[in-house]
Each structure stands twice: as C-alpha cells, then as structure tokens.
Amino acid sequence: MAGETIKETVQAKYGEAALRVVRGQGSSCCGDPIRSNLYDSAQTAHLPEQALRASLGCGNPTALAELHPGEVVLDLGSGGGIDVLLSAQRVGPQGKAYGLDMTDAMLALARENQRRAGVANVEFLKGDIERIPLPDASVDVIISNCVINLAADKRTVLAEAFRVLKPGGRFAVSDVVVRGEIPAELRRSMELWVGCVAGALEEKEFETLLAANGFEEIEIVFDATSAADHLRHAPVFERLGKIAVDLTPAKIGILAVPAVNLDEALGHRNVNMITCGGQASIPIAWALGQTHADIDYIEVVSSIASRSAGPATRRNLDEYIHTTETGIQRFSGCRRAKAILNLNPAEPCINMQTTVLAKVAKPDVEKFSAFLREVAAQIRRYVPGYEVIVGPLLENGRIVTMVRVRGLGDYLPAYAGNLDIINCAALAMA
Ligand SMILES: C[S@@+](CC[C@H](N)C(=O)[O-])C[C@H]1O[C@@H](n2cnc3c(N)ncnc32)[C@H](O)[C@@H]1O
C-alpha cells in the first residue's frame, strides 16, 4: 500500500479520534479490550482526565522502560500525550520528554493536556516518525505505544530511532505483532491498517529489522516452544547473556508465580512460568501453606477448552503434570501433590476452571480465606478475569476452592484464560 495514502488515512482517523476526546466521547481505534487496565491508577493519579481518555496505545511502554532523572525521552506517535506526561514525571525537571506526532488535532490535544498537567519539561513536536526532527545521538530513551505498526516504512522508522538514540540508549516499545503471515487481502484493508492490525509486523520480522538497524541488545527472551526445545535453547540464551522467561514446563529455571515470589525470581536469568494450571492453583496452594502448618495432600484439577490447547501443550502433558506438582509442593510445603488436566472439547468452549482440594491437619478456613482474597487481588492486577467462584469451604475434611480464569478476549478468545494467565504472568515477570 502506498506510504502517502497510509499516512493520510492514519492522520484522518487519529484526527477524528482526538476530536472525539475533546468532545467528551470515547476514543476508539485499537480496540478497547487491548487498552483496558494498561496503567496503574497510582501512576496516572496526577494526570488530567482527558489525557487518560485519549490513551490509544496497546501497552504501557513507560512500565517497560527504566527512566532516570535527567534523561531525555522521545515518544514516537505520542497521541494525546499520556506516555510523555508519565515519562516527564519520571525524568524530573532536569530531564525532558518529547512527544512526536504528525496529526495536528492530536498535537493540540496533547499540548492542552500538558497545560492542564502543568508540566514544563515536555515538548510536543510535529513530524513524521520516518523523519524524526531531532539531532543525532540526542535521546536517552525512545518509547512508542501502538504506532510503529501504523508506519508504512518500518525499516526507516527504526533507522531513525537508532540515529537519534545516544550510544547505549534504550528503546521500549509496546506494539502489535503477529505470529505467522497476515493474508494479503487483510494487509490491503485500510480499516484494519488504522485499527493497528494489518500493518503489524510478524514477530520474527520485527526482531530481524531491529537487529538490522543496530538494536542488538534484546535482553529478555520469552520461550513458548516446548519443554524439550527449551532444554536446548537455555544454554544458547545463557551463552548470549539473555534472560529467559520460559513458558514451557521445562522447570530448569526458578519456578515463578508473580503474585507469590516476584521479588525472589527477579534476580534469576532463567525463570520458569510453570504451567497455566500452576499459575491458577499455586497461589491457592501457597495461601494454604501460609495458613496451615501441616498439609498432607493437595490435588489440583484444571479444565481448559480443548481448542485453547496448542500443539506444544499436547506434546507436554507429562511435563505439565510433573512441573505443576513440583510447584504445588515447593510453594505450599505439602507432602504429596497431584495435578490433573482435562482438555474439554465441549462447544461452546468452556472457560478455564481450576479446583484445588487440600487435606490439612487443622483446617482454618477463615484465615485461609482472608489470605486468599489478598493473593487473588494481586493476580487480578495482571489477569483481571481471575475469580474465586467456589469456596473456600470445608467438605469431608478437605478444603475446596475453585477459580475461573477468563481472558481479556483481545488477541485470543476470552475462554482461553489458560493462555492469558501464563502469558500475563510472564509479562508481569519481565
Ligand atoms: C494508536 S495511536 C497511539 C497514541 C499514543 N501513543 C497512545 O498510546 O495513546 C497512534 C498515534 O500515532 C500517530 N502516528 C501514526 N503514524 C505516524 C507517523 N508516521 N508519524 C508521526 N505520528 C504518527 C497518530 O497520529 C496517532 O496519534
């Protein structure tokens, strides 16, 4: 598709979006489910309401980027300015945050948001991210939120980003990437292009383009292949100095559940996200361990929609069981653990459900419930659809708890909560 046509259409679409925000209507471009819960309310408490409503990104790059006082930050495609204003707070009065956007109405909105926020260390520049109006080596950190997918010439955008970054500068991007090819007819759809889908790069293509333009330092690698593959990949990542966040049940790294042992896992270079059933059940097992001195047995039964179980899950059923059981024992201190996984082929597809049954010496359901409420609230920070739907209750001398996990339904169907919980846990860890 011709670059100029793309730019004109993108400009028209985001110009309308800016005007909708000014009129007090919703801003809708990338799809609301992607954009919900991106920012911590504590982080955005000091921002004007209009800046929040104008947020059109698909992530929170300021959460990914380490920003230090005194640094210069540039946001490519800054829209209503939310990430620029957040960055300005973090670099402080000695630092500076630039926003670059080509759409006049967006720039006007961003400048109004700056005025309302009362911040001086911000400047919104008009221009194209394919020709950044800043000198070479003038920026410490580049951020971008759901914009590069809109550019017709992504190679030029990355080359420009590399040019303006200082040596050793950092690049933190939230964007839509796809796994596999986008069919040619979707690529040609202007509507899907401005909706952030048709212009998205294939994941590997993005990495290749980054490397080709000088961005060699990919620090964290997410491995979602299979347990056997991760055993081969891990020494390679180690040799290359990469941090591995392992979404397979290979269990060679530290077992990690963000709601339980985020701090402990942070110092490790190979972090194992256990399994989807483990992410759903281990916080419950951990809460049992924190409230009971003597746990004889924990049994975990997870049911997931068969359609949500990909080829790697199917090849790793034994590893799934062993790794989940190891995690339950490690985090609860129970003597024996059993994990069961049901792949349910029912249509319509079922939501992920996990039941935890525990045989404990002196059950204290009340204390456990209070603990569980807190840990469930922690999990909902990265998986909003995590919900205790039964119990905890005492039944035949066992404590029974059941949770349901629904996904956001953004990239994957909402019933695939099993995929959301492990992916979101991995992102929370990164
Ligand atoms: C999806 S919105 C994201 C806005 C902002 N980053 C946020 O998170 O709310 C895309 C923004 O990128 C801008 N944009 C798209 N292509 C651009 C280009 N080639 N040069 C400059 N700005 C561009 C649009 O005008 C729009 O404001």
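The values are calculated or read from the model by the stated rules, or taken from the named source; none is laboratory data. All values derive from a computational prediction rather than experimental measurement. No Cβ is skipped: glycine too gets one built from the backbone with ideal geometry, and neighbour counts run over all protein chains shown. Please note that ligands, DNA and RNA were not included when accessible areas were found on the heavy atoms of the full protein model with its side chains. Shrake-Rupley method; radii C 1.70, N 1.55, O 1.52, S 1.80 Å.
Computed quantities for the displayed model
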| quantity | calculated |
| --- | --- |
| Carbon and sulfur %, accessible surface of the chain computed with the full protein complex present, 1.4 Å | 52 percent |
| Derived scalar couplings ³J(HN,Hα) [region 111-118; Karplus, 6.51 cos²θ - 1.76 cosθ + 1.60; whole Hz; x for Gly, Pro] | 5, 5, 5, 4, 4, 5, 6, x |
| Unit charges at the beta carbon, dipole of the chain: most positive-side option, Gly77, Gly168, Val405 | Val405 |
| Geometric extent, Cα atoms of the chain - Rg, Dmax (angstrom) | 23.3, 72 |
| Residues with amide H under 5 Å from that of Leu255, placed H, sequence gap 5 or more | Asn272 |
| Positive-end extreme of charge dipole, the chain - chosen from Phe215, Leu86, Gly253 (charges on Cβ) | Gly253 |
| Rounded accessible area per residue of region 227-271, 1.4 Å, Å² | 49 Å² |
| Potential extension, Asp136-Asp104 segment - 0.36 nm per residue separation minus Cα distance | 9.0 nm |
| 0 to 90° range, to nearest 10: angle between helix 3-22 axis and the chain longest Cα axis | 70 degrees |
| Values of log10 I(q)/I(0), in the order q = 0.16, 0.21, 0.24, 0.27 Å⁻¹, for region 227-271 under a Debye, Cα-only, solvent-free model | -0.40, -0.65, -0.82, -0.97 |
| Total charge dipole magnitude, the chain, about the Cα centre, Cβ charges on Lys, Arg, Asp, Glu only, Debye to nearest 20 | 720 debye |
| Relative contact order [Cα under 8 Å, 6+ residues apart], the chain, whole percent | 11 percent |
| Rough spin-label spacing in nm, given labels placed 7 Å along Cα→Cβ, for Ala228 and Gln290 | 3.9 nm |
| Pairs of lysine residues in the chain - Cα separation under 23 Å, sequence separation of 8 or more or cross-chain | 17 |
| Cα→Cβ-extended label distance, 7 Å offset, between Lys338 and Leu240, nm | 4.2 nm |
| Helical contribution to [θ] at 222 nm, DSSP H n ≥ 4, -39,500 (n - 2.57), averaged over the chain, rounded to 500 | -12500 deg cm²/dmol |
| Whole-number accessible area per residue in Å² for region 277-419, which is evaluated in the context of all protein chains at 1.4 Å | 46 Å² |
| Region 277-419, relative contact order in percent, only Cα pairs under 8 angstrom and at least six apart counted | 30 percent |
| Cα→Cβ-extended label distance, 7 Å offset, between Glu207 and Ile252, nm | 1.6 nm |
